[in-house]
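First up is the structure itself, then whatever we jot down about it.
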Amino acid sequence: MRYALIAILALLALLIIAPPLLGTGWQYALINALIAALFAAAFNLLVGQGGMLSFGHAAYFGVGAFTVIHLMQSVEYGDIPFPTVLLPLAGAAVSLLCGALAGFFATMRSGVYFALVTLALAELLHSLAPHWDEMFGGEAGLSSMRMPSLGFTFGSTLEVYYLTLSWVVICIGLLYAYTRTPFGRLTLALRDNEQRIRFMGFNAHGTKIVVFAISAMFSGVAGSLMAISNETANYSVFSTQVSALVVLHTFVGGSTIFFGPIVGACVLSLFTFVVSGVTHSWMLYQGIIFVLVMLFAPKGIGGVIQAHIEQRHALPWKRLAAPYALATLAGLMVACATVFVVQSLEIVLSREYAAAVARTGEYAPYTVFAREWQVFHPFTWLFPVLLLVPGLYLLRRAFARIQTLWDKDDDDDNGDIAAAPRELMEGGH
Amino acid sequence: MDTAMQPDVLVIDDLQKHFGGLEIMRGVDLTIKQGERHALVGPNGAGKSTLFNLISGEHRPSGGRIYLRGQRISGLKPEQISRRGLTRSFQITNVFSRMSAFENIRIGVMARHGIRFNLYRRIKPMRAINDEAHALLQQVRLDHRADNLASDLTYSEQRALEIGMTLATGAEVILLDEPTAGMSRDETAYMVELIRQVTEGKTLMMVEHDMSVVFGLCDRISVLVYGRILATGGPEEIRSNQEVQSAYLGEEEEH
């Protein structure tokens, strides 16, 4: 517990100290990662703790964003004095109300039907917004300017970063505190067994509405921060992509652990920031990561980390070092092979390349990994195979070894942890 | 215990239930006295579980009335009935599997104290709640399993946890649905003792197939056959009742 606190404080210090040393591109990427982290944490209150999988959480994110844009416009035109730093409160309030209303209907059903109702509500907004100019600014959306407040001009990305960081830290802190309250415990009981809590004297529907509304409220804060950062919002914030992305972040991070979705959102947003600048295939890579995590580490990145922390005293770290290093190396080999094939295909199958071939009649060499490759040279296609086959073999060996070492030191009274090594299998990508 | 002079706690009056055209309850009349242990027996399909579902609010009766201490409870929701002091356990183990044994009980204690939408206090320093949950856990002899996930408990431990959760809500009237189903002889004996201890001073109504449990534990027995009460009485009375013999007990003994 004390280590956890130290780790969090160290991370926080890093998040405060580092950004001024970074360029605005990275600052902006960090803002987006923080917003995604808060959104995922809010979403996970509903999914991981409440056991209600929503496919339409973009709705409450978007409501927060549009609320703030409207308020920013009013401030900009001098209609209402409202400090910029407190704007997310407005987004939170409106999202809370919308969440309570939508939650009232959605939570009447559970499982697939619940998911479909939430999806339908978000789609309703998504299709309505482009046609409702006054409210959502039509297809172009609405824009505004951040006004100075409390001595900050909010002209620079760095100031927006610190505003975002403050709100995200406070909100994630509140979401964590939530799990420690009686209602937080009741939320977990609701997830496990709704019928039982009714027979114990709790109003299950009321409980679900409150959980839904609070989740929507914090999603609204995330949306508000997005609007403040971008100074604009349009109907695309309601899109299925936004709803799907938060699901992806949450499950890659691990919905059963509080900090899982936060880790997942940060990792994937920063991954997207870096990789999307380099290749068009970033969504494919994101998809591959999602599939691998679901197959080999169903509790997500957070689950893998948690298993290690829980077992830190029982694990033979010295003996694990070699197989872990081998797994990393083998993982890199497999990753290189995959990236090579994807990038080669991306280039060779592109329209530009086809046009060049039609123009010159030649298959020109192309560049991947800072080296030129001939399309029809055997080595070009042998190279990934030479990486992939031994890579996969070594990976299997390394994980077999890791598994025996984990199993040996398991206390066999805990099924959860006993299952961990299996989840770790080939999770090193 | 002589319960004849005790006041009526649960009164069921001409209770009917049909699903579509299918009549399950065909006018059940039953009175449970304060402090008694009352068994509900009957062949499969007699409607025992349905009767429990009707009393506890899972289903609405199609006709008739149910009174708990003179107040009508038929037609109320399960949580409303639970708050009036009647709680049930389930035939199939029905616990919060991904929470610890201690937390399972604590949720029940929260219910008893009316803590439902408390989002502004931490639960850890709530002494009364935590102490009470520990005491109950001890009462159902699971204190050594406090921190284990409910799903990691053995079957009979889970059944004991069920009963602990039912007690935790502070109910005065407890409905247990086959608490010894699927248990070995030793486990059954253990469970009977446990039920005897923890329901001391409370009113118990239970569905049970094991006749030795019924005759050993209960003060009165009602035999439910095809949606009607065939007979109600003490163990001796039921054992010697000819009608019951042919309808149920004889048939049981042949197995």
Report summary line: Checked against (1) at the interface with another protein chain (Cβ under 8 Å from one of its Cβ atoms); (2) surrounded by 21 or more Cβ atoms within 10 Å (Cβ to Cβ); (3) in contact (Cβ under 8 Å) with a residue 12 or more places away in the chain, A:Val168 satisfies every condition except (1)
Report task. Determine, yes or no, whether A:Met200 is modelled with pLDDT under 90 and not acidic (Asp, Glu). Result -> no
Query raised in the report: Quick one: is A:Val85 assigned to a helix (DSSP H, G or I), among the β-branched types (Val, Ile, Thr) and surrounded by fewer than 18 Cβ atoms within 10 Å (Cβ to Cβ)?
Result: yes
Query raised in the report: Do any residues in segment A:172-189 that are facing chain B (nearest Cβ under 7 Å) have Cβ atoms under 8 Å from those of residues that are among the acidic types (Asp, Glu) and surrounded by 18 or more Cβ atoms within 10 Å (Cβ to Cβ), where the two are at least six apart or on different chains, and which pairs are they?
Result: A:Arg185/B:Glu103; A:Leu188/B:Glu103; A:Ala189/B:Glu103
Report summary line: The residue that is most open to solvent (accessible area, probe 1.4 Å), considering only those in segment B:49-104 that are assigned to a loop (DSSP other than H, G, I, E, B) and closer than 21 Å to B:Pro7 by Cα, is B:Arg69
Query raised in the report: Looking at (1) touching a strand residue (DSSP E or B) at 6+ places or on another chain (Cβ under 9 Å); (2) open to solvent by 60 Å² or more (accessible area, probe 1.4 Å); (3) among the charged types (D, E, K, R), which is the one condition that is false for B:Glu236?
Result: (1)
Query raised in the report: In segment B:49-103, how many residues are hydroxyl-bearing (Ser, Thr, Tyr) and either facing another protein chain (nearest Cβ under 9 Å) or under 16 Å from the mean Cα position of the chain (by Cα) (or both)?
Result: 8
Query raised in the report: Which of the residues spanning segment B:107-130 are part of a helix (DSSP H, G or I) and more than 7 Å from every other protein chain (Cβ to nearest Cβ)?
Result: B:Val109, B:Arg112, B:Arg127, B:Ala128, B:Ile129, B:Asn130
Query - Of all residues in segment A:191-226 being open to solvent by less than 10 Å² (accessible area, probe 1.4 Å) and within 10 Å of chain B (Cβ to nearest Cβ), the one that is nearest to B:Ser56 (Cα to Cα) - result: A:Phe199
Report task. Report yes if A:Ser255 is within 25 Å of A:Met135 (Cα to Cα), in contact (Cβ under 8 Å) with a residue 12 or more places away in the chain, in contact with a Pro (Cβ under 8 Å, 6 or more places away or on another chain) and surrounded by 16 or more Cβ atoms within 10 Å (Cβ to Cβ), otherwise no. Result -> no
Query raised in the report: Which is open to solvent by less than 50 Å² (accessible area, probe 1.4 Å) and not assigned by TED's automatic domain parsing to the domain that holds A:Leu386, of A:Val334, A:Val339, A:Val304, A:Val291?
Result: A:Val304
**Report entry** Condition met for B:Gln245 (at pLDDT 90 or above, open to solvent by 10 Å² or more (accessible area, probe 1.4 Å) and outside any loop (DSSP other than H, G, I, E, B))
**Finding:** no
Query - A:Tyr28 being part of a helix (DSSP H, G or I), of a type in the set (Phe, Trp, Tyr) and within 30 Å of A:Asn193 (Cα to Cα) - result: no
Query - segment A:376-429, residues that are among the β-branched types (Val, Ile, Thr) and at pLDDT 85 or above - result: A:Thr380, A:Val385, A:Val389, A:Ile402, A:Thr404
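The values are calculated or read from the model by the stated rules, or taken from the named source; none is laboratory data. Just so it is clear, the model here is predicted, and its values are computed rather than measured. Cβ sites come from the backbone with ideal geometry, for glycine too, and all protein chains shown count toward neighbours. For the accessible areas, the whole protein counts, side chains as well, though only heavy atoms, and no ligand, DNA or RNA atoms are used. Shrake-Rupley method; radii C 1.70, N 1.55, O 1.52, S 1.80 Å.
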